[in-house]
Amino acid sequence: MTDAQMTARAATHADIAGVHRELMDLIDSMPYYGERFKAFEKARFNRTFLRTLLEVDPWHILLLEMDGKTGGFLISGPANGTIFQFWSAIYPDYRGTPLGRFGMEAFISHWDNSRFHKASTYTRPDNRPALVLLKRYGYAQVAHLEDHIFGEDYFVMERKFTKVTEGYDDGISLPLATRLKLKARALLDR
């Protein structure tokens, strides 16, 4: 697969069901997180939340493709002037390929030199694969949060960006009409 064509693109509404399914599988499979955290994340990252991120900026669900097929994603959101990386995944059929490294490069390339002064994420201290990947792409551990989320330790990892856009992002806030549209879509999901 070394000659494979890799691309990154912003998600569309048509992608939400597939991303949601893969995210739920990822959360369930992660050995680094306790059951309470997994339940919380699965409830939080419902389809409505993913659609909200899409409405804020479709690039908050950055899809990774190899030879035209989706093989992973990075999910992010605005948080107090920073961009927070919530989750990233490489689908099982694409593990062992360069898609994970490509994804980090695509994320950084898209979000650096724009409206955020840094990227931030949490990871568990025993999640060595994530730590290696983050450090490879310029993230540094800036804090060790002891007994932080449901009694588990986390590292705060950050990477500085060059902010060129004036002002700060207001976070996840949508006009009333957009919020109503999202509520209607949520009713259709049931």
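Stretching Thr48 away from His110 to a fully extended chain increases their span by 19.9 nm, per 0.36 nm per residue minus the current alpha-carbon distance. If only the Cβ of Lys and Arg carry +1 and only the Cβ of Asp and Glu carry -1, the dipole of the chain around its Cα centre is close to 340 debye. Using θ = phi - 60° in the Karplus curve 6.51 cos²θ - 1.76 cosθ + 1.60, the 3J(HN,Hα) couplings for the range 154-159 round to 9, 9, 9, 10, 9, 9 Hz; x is entered for Gly and Pro.
Please state the shape class of the chain: rounded when a/c is under 1.5, otherwise prolate if a/b exceeds b/c and oblate if not, all from the C-alpha gyration tensor.
Numbers: a/c = 1.16, a/b = 1.11, b/c = 1.04.
Here the chain falls in the rounded category.
Once the Cα-Cα distance is subtracted from the 0.36 nm per residue extended length, the Leu188 to Thr162 segment shows a gain of 5.3 nm. Highest mean first, the peptides 117-125, 145-153 sorted by other C-beta atoms within 10 Å per residue fall in the order 117-125, 145-153.
Any idea what the dipole of the range 1-90 comes to, in debye rounded to 20, about its Cα centre with Lys/Arg Cβ at +1 and Asp/Glu Cβ at -1? Let's see the in-between values first.
Numbers: 9 positive and 11 negative charges, 68 e Å.
For this selection, approximately 320 debye.
Gain on full extension, evaluated as 0.36 nm per residue between Ala177 and Arg9 minus their Cα-Cα distance, stands at 57.9 nm.
For a Förster distance of 25 Å, can you work out the FRET efficiency between the beta-carbons of Tyr32 and Gln141, rounded to the nearest 0.05? Don't jump to the answer; show the numbers that get you there.
Values: r = 16 Å, r/R0 = 0.62.
Calculated value: 0.95.
Note on the chain: helix-only mean residue ellipticity at 222 nm, from DSSP H runs of 4+ residues weighted -39500 (n - 2.57) and normalised by residue number, equals -11500 deg cm²/dmol. Counting only other residues whose beta carbon sits under 14 Å from that of Arg179, what net charge do I get with K and R as +1, D and E as -1? Once positives and negatives cancel, what remains is +3. Which one, Phe37, Leu54, Met66, is farthest towards the positive end of the dipole of the range 27-107 when Lys and Arg carry +1 and Asp and Glu -1 on their Cβ? Positive-most Cα among the choices belongs to Phe37.
In square nanometres and to one decimal, what's the mean projected area of the convex hull around the Cα atoms of the range 1-61? It would help to have the intermediate numbers written out before the result.
Numbers: hull surface 21.6 nm².
Approximately 5.4 nm², given one-decimal rounding.
Taking all protein chains into account, the per residue accessible area for the chain stands at 52 Å² (1.4 Å probe). Apolar share of the accessible surface for the chain: 51 percent from carbon plus sulfur atoms, 1.4 Å probe.
The values are calculated or read from the model by the stated rules, or taken from the named source; none is laboratory data. Only a predicted model underlies this, so the values are computations on that prediction, with no experimental measurement involved. We place every Cβ from the backbone using ideal geometry, glycine too, and count neighbours over all the protein chains shown. When the accessible area is computed, the model is the full protein with side chains, heavy atoms only, and any ligands, DNA or RNA have been set aside. Shrake-Rupley method; radii C 1.70, N 1.55, O 1.52, S 1.80 Å.
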